[in-house]
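Colleague: Below is one structure. I have some questions about it.
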Amino acid sequence: MEAENIAKHIVEWLKSYADNAGMNGFVVGVSGGIDSAVTSKLCSLTGLPTMCVALPIHQDPAQVTRAQKHIAWLKKNCTHVSEHKVDLTTVFEAFKASVPQHHSDDLVQLSLANARARLRMTTLYYLAGVHQALVAGTGNKVEDFGVGFYTKYGDGGVDLSPIADLLKSEVYLLGHHLGINEDILTAAPTDGLFGDSRTDQDQLGASYDELEWAMKLLEQHEDPDTSAMDERQKTTLEIFKKLNRNNQHKMRPIPVCCIPKNMR
């Protein structure tokens, strides 16, 4: 991968999109992970105002520290980068106290995790509206188009997606090229939505390297021969196929019930 050329291409694409949209710059939610670090750095390289927003909700202190260090690094090198912290813990707790929780604990916890992502999206769009900026998404290709590992109308609610055509491994390569902090490059990927130590791999059942392998295989062969695969490869393939199938509702346009002309 030609990291330098890809970085330049994304930066020019971001600038062009903002100019054509008549917007002033970008708002990025910074979590302390690799995807938001790379996205915020790319936005900053446009020279346009870039607001980096920390949105903790019962956040792991290590994630908060990584995010703060990254934002401080960006601000040191770019005068047009600004920082805003919105602690949504109180808002989240008020929301949690206001909604019924009669159902199974697993469903409640998952719904509350998604609510966290949607509270963050609402906050980013408030700030974007105030500053006439675009909300830049931080999803990569595996998450957005492979397994649908994001919250619909949460971290999936964005104006544009600068790194959504990059595999996770390519995001890491770009991160190295851009000089992203080593703490972020080596941290285990996590969405941080559950307030505990679970990683993306814990939730998905496979690593990003494994999921990339499955994604590439299925792009080349719709029905690949599994006879030469070991058990882990077969399991990974089934995990990918199941997640991809179950999350199509996120990855496809919202279905519209079209009314036949003869009914109008």
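The values are calculated or read from the model by the stated rules, or taken from the named source; none is laboratory data. All values reported here derive from a predicted model rather than from experimental measurement. Cβ placement follows ideal geometry from the backbone for every residue including glycine, while neighbour counts extend to all protein chains displayed.
Colleague: So for the range 99-108 (the condition being surrounded by 14 or more Cβ atoms within 10 Å (Cβ to Cβ) and touching a residue at least 24 places away in the same chain (Cβ under 8 Å)), does at least one residue qualify?
Modeller: The answer is no; no qualifying residue exists.
Colleague: Does THR186 fit the bill of being surrounded by 16 or more Cβ atoms within 10 Å (Cβ to Cβ), modelled with pLDDT of 95 or more, within 30 Å of ILE71 (Cα to Cα) and among the hydroxyl-bearing types (Ser, Thr, Tyr)?
Modeller: On the way: surrounded by 16 or more Cβ atoms within 10 Å (Cβ to Cβ): no; modelled with pLDDT of 95 or more: yes; within 30 Å of ILE71 (Cα to Cα): yes; among the hydroxyl-bearing types (Ser, Thr, Tyr): yes.
No, not satisfied.
Colleague: List the pairs whose first member sits in the range 1-30 and is hydroxyl-bearing (Ser, Thr, Tyr), whose second member is part of a strand (DSSP E or B) and crowded, with 22+ Cβ neighbours inside 10 Å, and whose Cβ atoms are under 8 Å apart, counting only residues at least 6 apart or on separate chains?
Modeller: TYR17/LEU134
Colleague: Is there a residue in the range 96-107 that is in contact with a Lys or Arg (Cβ under 9 Å, 6 or more places away or on another chain), of a type outside the set (D, E, K, R) and over 18 Å from GLY154 (Cα atoms)? Full working, then the answer.
Modeller: The first filter runs over the range 96-107 and keeps only residues in contact with a Lys or Arg (Cβ under 9 Å, 6 or more places away or on another chain), leaving none.
Scanning the range 96-107, I find no residue that is in contact with a Lys or Arg (Cβ under 9 Å, 6 or more places away or on another chain), of a type outside the set (D, E, K, R) and over 18 Å from GLY154 (Cα atoms), so the answer is no.
Colleague: Shifting gears a bit: Of the numbered conditions (1) touching a Ser or Thr at 6+ places or on another chain (Cβ under 9 Å); (2) outside any helix (DSSP H, G or I); (3) farther than 19 Å from HIS9 by Cβ, PRO162 fails exactly one; give the number of that condition.
Modeller: (3) is the only condition that PRO162 fails.
Colleague: Starting from residues that are farther than 23 Å from GLY175 by Cα and among the hydroxyl-bearing types (Ser, Thr, Tyr), keep the ones in the range 116-147 and report whichever is surrounded by the most Cβ atoms within 10 Å (Cβ to Cβ).
Modeller: Only one residue fits best here, namely THR123.
Colleague: Take the conditions small (Gly, Ala, Ser), modelled with pLDDT under 95 and out of contact with any Asp or Glu (no Cβ under 7 Å at 6 or more places or on another chain) and apply them to GLY195. Does it pass?
Modeller: Details: small (Gly, Ala, Ser): yes; modelled with pLDDT under 95: yes; out of contact with any Asp or Glu (no Cβ under 7 Å at 6 or more places or on another chain): yes.
Yes.
Colleague: What tally of residues in the range 121-156 results from selecting those that are of a type in the set (D, E, K, R), over 15 Å from GLY33 (Cβ atoms) and in contact with a helix residue (DSSP H, G or I) (Cβ under 6 Å, 6 or more places away or on another chain)?
Modeller: 1
Colleague: Return the pairs, sorted by first residue and then second, in which the second residue is exposed (fewer than 14 other Cβ atoms within 10 Å of the Cβ) and assigned to a loop (DSSP other than H, G, I, E, B), the first residue lies in the range 218-237 and is in contact (Cβ under 8 Å) with a residue 60 or more places away in the chain, the beta carbons are less than 8 Å apart, and the residues are 6+ apart or on different chains.
Modeller: Qualifying pairs under 8 Å: none.
Colleague: Looking at (1) surrounded by 14 or more Cβ atoms within 10 Å (Cβ to Cβ); (2) out of contact with any Leu (no Cβ under 9 Å at 6 or more places or on another chain); (3) small (Gly, Ala, Ser), which is the only condition ALA113 fails?
Modeller: Failing condition for ALA113: (2).
Colleague: Whether any residue in the range 148-156 is in contact with a Phe, Trp or Tyr (Cβ under 8 Å, 6 or more places away or on another chain) and surrounded by fewer than 22 Cβ atoms within 10 Å (Cβ to Cβ) is what I want to check. First the steps, then the outcome.
Modeller: Step one: list which residues in the range 148-156 are in contact with a Phe, Trp or Tyr (Cβ under 8 Å, 6 or more places away or on another chain), which gives 156.
If we keep only those that are surrounded by fewer than 22 Cβ atoms within 10 Å (Cβ to Cβ) too, we end up with 156.
Looking through the range 148-156, at least one residue is in contact with a Phe, Trp or Tyr (Cβ under 8 Å, 6 or more places away or on another chain) and surrounded by fewer than 22 Cβ atoms within 10 Å (Cβ to Cβ).
Colleague: Given the criterion in contact (Cβ under 8 Å) with a residue 12 or more places away in the chain, within 18 Å of THR199 (Cα to Cα), of a type in the set (Gly, Ala, Ser) and touching a strand residue (DSSP E or B) at 6+ places or on another chain (Cβ under 9 Å), identify the matching residue among ALA117, ALA67, ALA113.
Modeller: Being in contact (Cβ under 8 Å) with a residue 12 or more places away in the chain, within 18 Å of THR199 (Cα to Cα), of a type in the set (Gly, Ala, Ser) and touching a strand residue (DSSP E or B) at 6+ places or on another chain (Cβ under 9 Å) holds for just one of ALA117, ALA67, ALA113, which is ALA67.
Colleague: Looking at the range 135-155, is at least one residue free of Cβ contacts under 8 Å to residues at least 12 places away in the same chain and among the hydrophobic types (A, V, I, L, M, F, W, C)?
Modeller: no
Colleague: Are there any helices (runs of 4 or more DSSP H) wholly within the range 205-264 with 3 or more residues that are touching a helix residue (DSSP H, G or I) at 6+ places or on another chain (Cβ under 7 Å) and modelled with pLDDT of 95 or more, and if so which?
Modeller: The qualifying helices (runs of 4 or more DSSP H) are 208-220, 231-246.
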